[in-house]
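*Asks:* My questions all concern the structure below.
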Amino acid sequence: MKERGFTRIGFILAAAGSAVGLGNIWKFPYVTGEYGGGAFVLIYLATLALVGLPLLLAEMTTGSLSRKEPVSAYEDLSPEGKRYWRFAGLKLFTGFLILTFYTVVIGWIFYYLFISLTHLPATPEEATALFMGMLQEDASTQIFFHAMAMLIIGAIVYRGVKAGIERINLVLMPALIGLLLFLFFYAMGLEAFGEAVAFMFAADFSRLSGEAVMVAVGQAFFSLSIGMAVLMTYGAFVDKKTRLPGAALTVGAMDTAIALIAGVVIFAFLFQLGMEPAQSVGMAFISLPAAFYQFGAAGHLLAAVFFLALAFAGITSAISILEPSVAHLNQRYRMNRAKATWGTVLVAYLLGLLVLLSNLKGFEWLSLGERNLFSWFDFLTAAVFLPLGGLLMAIFVGFITDRERYFHQLHEHGLSRSAFNLWIAALRYMVPLGVVGAIAAKVLGLI
Ligand code: TRP
């Protein structure tokens, strides 16, 4: 590896930048709303501790042990003659698929940044018309902002891990935290703040279902960026001084804290105006803009801050999804970085264009069954591929590789033997249980 790696703080912020994304601010609050608030939050926290964090550490450690791009890392750490690296290609492919629809959503965010400053919708009806109009009828706006998102992401990644990815995270992550805290303090002054906190933290177990558990597992994977070799790729560039168990905990804590803060902020604004929580995907793009409108001039500022935070969160995540493919082409096939980046971006852009079009009227041919391409990619990656990718990682580290190598590395980072054994047990039993249970439940429609 020619390139210099991350600094300690750079690694943590880049990993947190990957984890904290649209999943936290856009997805977490609405699934929490749909699945009953506090009880869902509790299950999510349990999943995070038992399944999410062990996998996060497994990915980071695997990357740092091999110091190579993901496919070569699997190859290196496999026992002699075993070809587990073949599965790693699936992970790169999954990341690539996520990138295609993720950037479409970032495009919407850019457009809404512009809307925030110019013409917020006055009522929920207007807000719905505005969003659906963009989504289903306005191809050119979406195409313009989607292309912009792709260009920005490519421009960061092609500069490399240090000069591109680390540098942008050092700026955008503190900025993101500042913007969210601003919204949080503002929300604290609202009457509905207490109601929002109660909704997020008071557990109503009657609304809990098997489906909620499955959604929580999927959300934990998506939100922590696990299951598709992103943290493995970043882990390959880790500095010797970085202690991985601490880094994994910090990233998990930041990811969760930001999701919870975003949830409280969003619900406080909605409840303040007597709106309902479960509006599905539309919460960020429909209910919230209409809520902000009611705040007059301040509303424009609040909306702009919100969408800027969302844009920053999205960009730092999208670059992390692009990096594994770029590292793969760059290191394994010796393609230069610029070519690897722009080549991947171009293909992702073209496929993304189809994803974007699949939401438009007149493009029903881009649907299969009840789902269009956008919804298929979202569903397949989050509900199937990511959990499978995580399962592969857990089996690989839990059963297949030389565990002493992992112990040696993590022990140097301060992990005791018993903590190590607990970690292995989580990988061997908790992760497969969580993943297989979740997929079976979904596929068989049991719950
Ligand atoms: N974690 C990001 C979010 O919460 C999305 C993301 C970035 C991701 N990289 C990933 C999801 C890798 C799965 C795997 O929005």
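*Asks:* So, in the stretch 317-350, exactly how many residues are of a type in the set (Ser, Thr, Tyr) and within 16 Å of the ligand (Cβ to nearest atom)?
*Replies:* 4
*Asks:* Is it true that some residue in the stretch 93-109 is farther than 22 Å from TRP342 by Cα and open to solvent by 20 Å² or more (accessible area, probe 1.4 Å)?
*Replies:* Scanning the stretch 93-109 turns up no residue that is farther than 22 Å from TRP342 by Cα and open to solvent by 20 Å² or more (accessible area, probe 1.4 Å).
*Asks:* Looking at (1) of a type outside the set (Gly, Ala, Ser); (2) surrounded by fewer than 24 Cβ atoms within 10 Å (Cβ to Cβ); (3) more than 16 Å from the ligand (Cβ to nearest atom), which is the only condition LEU270 fails?
*Replies:* Every condition holds for LEU270 apart from (2).
*Asks:* Tell me, which residue of the stretch 344-397 that is of a type in the set (Gly, Ala, Ser) and free of Cβ contacts under 8 Å to residues at least 60 places away in the same chain is nearest to LEU231 (Cα to Cα)?
*Replies:* SER375
Residue by residue, here is whether (1) open to solvent by 50 Å² or more (accessible area, probe 1.4 Å); (2) in a helix (DSSP H, G or I) holds:
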residue	(1), (2)
GLU195	yes, yes
SER206	yes, yes
GLY218	no, yes
PHE222	no, yes
VAL238	no, no
LYS241	yes, no
ALA247	no, yes
GLY252	no, yes
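*Asks:* Determine whether LYS339 is modelled with pLDDT of 95 or more, open to solvent by 70 Å² or more (accessible area, probe 1.4 Å) and on the phi < 0 side of the Ramachandran plot.
*Replies:* Taking the combined requirement at face value, the residue satisfies it.
*Asks:* Name the residues in the stretch 352-365 that are open to solvent by 50 Å² or more (accessible area, probe 1.4 Å) and not in a loop (DSSP other than H, G, I, E, B), would you?
*Replies:* LEU354, GLU364, TRP365, listed by residue number.
*Asks:* Here's something else I'd like to know. State yes or no: is ALA426 touching a helix residue (DSSP H, G or I) at 6+ places or on another chain (Cβ under 7 Å) and at pLDDT below 85?
*Replies:* no
*Asks:* Now for a different question. List the residue pairs whose Cβ atoms are under 9 Å apart, where the first residue sits in the stretch 210-224 and is free of Cβ contacts under 8 Å to residues at least 24 places away in the same chain, the second is more than 14 Å from the ligand (Cβ to nearest atom) and open to solvent by less than 30 Å² (accessible area, probe 1.4 Å), and the two are 6 or more positions apart or on different chains.
*Replies:* none
*Asks:* Looking at the stretch 214-229, which of the residues that are among the hydrophobic types (A, V, I, L, M, F, W, C) and near the ligand (Cβ under 6 Å from one of its atoms) is nearest to GLY389 (Cα to Cα)?
*Replies:* Step by step, filter the stretch 214-229, then rank; the result is MET228.
*Asks:* Quickly run through the stretch 273-312 and pick out the residues that are open to solvent by less than 20 Å² (accessible area, probe 1.4 Å), within 16 Å of the ligand (Cβ to nearest atom) and over 15 Å from TYR30 (Cβ atoms).
*Replies:* Matches in the stretch 273-312: PHE307, ALA309, ALA311.
One line per residue, one yes/no per condition, for (1) open to solvent by less than 30 Å² (accessible area, probe 1.4 Å); (2) under 25 Å from PHE237 (Cβ atoms):
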residue: THR32; (1), (2): yes, no
residue: PHE40; (1), (2): yes, no
residue: GLY63; (1), (2): yes, yes
residue: PRO70; (1), (2): yes, yes
residue: ALA73; (1), (2): yes, yes
residue: ARG83; (1), (2): no, no
residue: LEU113; (1), (2): no, no
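*Asks:* Is it the case, given these coordinates, that ALA257 is in a helix (DSSP H, G or I), within 16 Å of the ligand (Cβ to nearest atom) and surrounded by fewer than 20 Cβ atoms within 10 Å (Cβ to Cβ)?
*Replies:* Yes; evaluated as a whole, the condition is true for this residue.
*Asks:* Pull out all pairs, ordered by first then second residue, where Cβ-Cβ is under 9 Å, the residues are six or more apart or on different chains, the first lies in the stretch 5-21 and is more than 11 Å from ASN169 (Cα to Cα) and open to solvent by 10 Å² or more (accessible area, probe 1.4 Å), and the second is in a helix (DSSP H, G or I) and among the charged types (D, E, K, R).
*Replies:* GLY5/LYS162; GLY5/GLU166; THR7/LYS162; THR7/GLU166
*Asks:* Kindly provide the set of residues from the stretch 4-59 that are out of contact with any helix residue (DSSP H, G or I) (no Cβ under 6 Å at 6 or more places or on another chain), away from the ligand (no atom under 16 Å from the Cβ) and over 30 Å from MET275 (Cα atoms), ordered by number.
*Replies:* The answer is GLY5, THR7, ARG8, ILE9, ALA49.
The values are calculated or read from the model by the stated rules, or taken from the named source; none is laboratory data. As the structure is a prediction and not an experimental result, all values here were calculated from the model. In this analysis, Cβ positions are derived from the backbone assuming ideal geometry, glycine residues included, and neighbour counts consider all displayed protein chains. All accessible areas refer to the heavy atoms of the entire protein, side chains included, with ligands and DNA or RNA removed. Shrake-Rupley method; radii C 1.70, N 1.55, O 1.52, S 1.80 Å.
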